[in-house]
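The next block holds one structure in the form of structure tokens; read it before the comments.
The values are calculated or read from the model by the stated rules, or taken from the named source; none is laboratory data. Bear in mind that the values here come from a model prediction, so they are computed numbers and not experimental data. Every residue, glycine among them, receives a Cβ derived from its backbone with ideal geometry; neighbour counts consider all protein chains shown. The accessibility values were calculated without ligands, DNA or RNA, using every heavy atom of the protein model including side chains. Shrake-Rupley method; radii C 1.70, N 1.55, O 1.52, S 1.80 Å.
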Amino acid sequence: MPKVLIISYYTPPIGMSGVMRITKLAKYLKKFGWQPSILTTKQIAYYHYDYELLNDLREIPIYRSENLDFARLLYLIKIPQKLINHGTGKISLFSNFFFFPDAKVFWIRFAYKLGCKIVSNFKPDVILASAPPFSSLIVARWLKEKFQIPFIADFRDPWPTGTFPPPKSYQKKLRELRNMITNNADAVTVVNRMTALQIDFPNAYIIENGYDPDDFKLPAYDFSKFSIVYTGNISNYINELCLTAEAVASLPDIKIFLAGKSSAKDLAKLAQYGNVEYLGMLPHSKTVSLMKGASLLLYISKPNQIVGIKLYEYFGAQKPILGVCNKCNEAMRLIEYHNVGISVGCRKDEIRNAILQLKDNLTSFQPKDIDRYNRINQAALLCSLMNRIIGK
């Protein structure tokens with residue numbers, strides 16, 4: 001059985017959208033004849049942990065290297081979780097502007113040293129590294145150079161800072177690094193066509209984000225009334241969420257349920273409407289249960305983000321979707337193409353009318369062609385690519 005070493009800074013028990021792609025792909029690789037192992041960092045200070053996600057990787061060797069980046073140091077000094085929840089994410093993002101290629105640069109040497117040992121013992125046929133951070137790509141590039149092992153560079157976002165571009169003074173150097181990595185990789189994979197264009201590599205293989213069908217075998221949450229469910233970061237979308245709550249404030253038979261990262265300030269804003277219930281930060285399994293039980297799923301796009309991973313998980317729930325977004329044409333296109341709901345701009349009257357339309361016609365939305373986002377099928381695509389690389 002051929003082997004693949006996966007290098008990913010973000011790995012369970014960290015609970016964030018960025019861990020899902022590698023976690024779910026790795027879970028299904030063995031089904032198609034590949035044995036994965038994972039190289040990642042030792043535990044870091046982070047605002048949310050989801051230890052249930054480790055169940056997906058229970059049969060996969062995970063190697064955790066030492067690390068001296070900001071998040072690791074905070075963990076080592078045992079900073080209180082409350083302080084982590086209220087700002088380390090912003091500090092970490094801000095520190096990307098001071099370290100090259102990103103805030104995880106102090107992980108590279110440790111990861112490379114452990115990676116050399118793993119390669120010597122595990123003897124992988126392919127190395128797959130996922131970014132951001134770009135630091136993981138550098139580790140993989142060094143291992144390829146030392147051991148002459150094919151290397152796949154996977155881009156979830158075009159920059160090490162995610163969907164938000166770094167300062168212009170940094171962009172030229174980052175583009176040069178990115179081009180060096182893509183030109184030396186044996187293959188480049190991306191989450192969508194736009195990301196391929198953003199990294200100046202139009203011939204990249206597209207392996208989209210998706211949903212794990214195993215997750216949706218869980219029972220649905222039992223809501224007592226027509227329920228609009230939103231799962232994800234709340235603080236980043238507080239204006240859109242307040243607008244949605246205001247749009248249906250006069251409709252007593254509709255209630256909005258939220259699960260995700262928030263703050264007391266955000267919750268105080270939402271409390272004024274009386275039709276919003278905050279369920280907290282939940283494990284992924286419980287958010288899936290909410291999605292399955294919802295009458296309607298609310299999707300809001302990040303600025304500069306083409307499509308968020310949450311939309312693909314909403315597809316897996318097979319419930320009607322309301323997309324509320326300005327300038328998120330790709331998300332709107334997918335919602336329309338797959339016949340899963342309605343997309344509107346950030347205007348109260350449009351939101352209200354769309355919700356009423358969906359409420360009256362729930363059975364008219366029959367999803368089509370969403371199996372392409374099934375993580376099993378996506379793992380098959382990755383294995384097919386790796387087979388071609390090794391000439392199998």
In segment 114-127, is there at least one residue being among the acidic types (Asp, Glu) and at pLDDT 95 or above?
-> yes
Please verify whether segment 285-300 includes one or more residues that are open to solvent by less than 70 Å² (accessible area, probe 1.4 Å), within 21 Å of ILE351 (Cα to Cα) and part of a loop (DSSP other than H, G, I, E, B).
-> yes
Return yes or no: is TYR205 of a type in the set (Ser, Thr, Tyr), at pLDDT below 95 and in contact with a strand residue (DSSP E or B) (Cβ under 7 Å, 6 or more places away or on another chain)?
-> no
If you scan segment 197-232, which residues turn out to be assigned to a helix (DSSP H, G or I) and crowded, with 21+ Cβ neighbours inside 10 Å?
-> ASP215
Flag if LEU25 is in a strand (DSSP E or B), crowded, with 19+ Cβ neighbours inside 10 Å and in contact (Cβ under 8 Å) with a residue 24 or more places away in the chain = no
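Scan segment 260-274 and give yes if some residue there is in contact with a Lys or Arg (Cβ under 8 Å, 6 or more places away or on another chain) and open to solvent by less than 20 Å² (accessible area, probe 1.4 Å), otherwise no.
No: zero hits.
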Out of (1) among the β-branched types (Val, Ile, Thr); (2) within 30 Å of ILE199 (Cα to Cα); (3) at pLDDT 90 or above; (4) open to solvent by 10 Å² or more (accessible area, probe 1.4 Å), the one ILE306 does not meet is (3)
Count of residues meeting criterion [assigned to a helix (DSSP H, G or I), open to solvent by 20 Å² or more (accessible area, probe 1.4 Å) and at pLDDT 95 or above] in segment 177-196 = 5
Do we find a residue being in a helix (DSSP H, G or I) and under 30 Å from THR23 (Cα atoms) anywhere in segment 252-270?
-> no
Test for VAL288: is it of a type in the set (Val, Ile, Thr) and farther than 17 Å from PHE226 by Cα = yes
Test for GLN318: is it touching a strand residue (DSSP E or B) at 6+ places or on another chain (Cβ under 8 Å) and open to solvent by 10 Å² or more (accessible area, probe 1.4 Å) = no
When every residue in segment 244-255 that is free of Cβ contacts under 8 Å to residues at least 60 places away in the same chain and over 18 Å from ASP360 (Cβ atoms) is compared, the one least open to solvent (accessible area, probe 1.4 Å) is ALA245
Across segment 94-130, which residue is most open to solvent (accessible area, probe 1.4 Å) among those that are among the aliphatic types (A, V, I, L, M) and under 25 Å from ILE199 (Cβ atoms)?
-> VAL105
Give me the pairs: first residue in segment 134-162 and within 15 Å of LYS113 (Cβ to Cβ), second residue open to solvent by less than 30 Å² (accessible area, probe 1.4 Å) and of a type in the set (Phe, Trp, Tyr), beta-carbon distance under 6 Å, and six or more apart or on different chains, which are they?
-> SER135/TRP107; SER136/TYR9; ALA140/PHE151
Can you find even one residue in segment 143-153 that is open to solvent by 10 Å² or more (accessible area, probe 1.4 Å), modelled with pLDDT of 95 or more, under 24 Å from ARG72 (Cα atoms) and basic (Lys, Arg)?
-> no
The one condition in (1) of a type in the set (Val, Ile, Thr); (2) in a loop (DSSP other than H, G, I, E, B); (3) loosely packed, with under 15 Cβ neighbours inside 10 Å that THR363 fails to fulfil | (2)
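Condition check ((1) at pLDDT 95 or above; (2) open to solvent by less than 30 Å² (accessible area, probe 1.4 Å); (3) in a loop (DSSP other than H, G, I, E, B)) across all residues:
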residue	(1), (2), (3)
VAL4	yes, yes, no
PRO12	yes, yes, yes
ILE38	yes, yes, no
TYR47	no, no, yes
LEU53	yes, yes, no
TYR63	yes, no, no
TYR75	no, no, no
Can you confirm whether segment 155-171 contains a residue that is open to solvent by less than 30 Å² (accessible area, probe 1.4 Å), part of a loop (DSSP other than H, G, I, E, B) and among the hydroxyl-bearing types (Ser, Thr, Tyr)?
-> yes
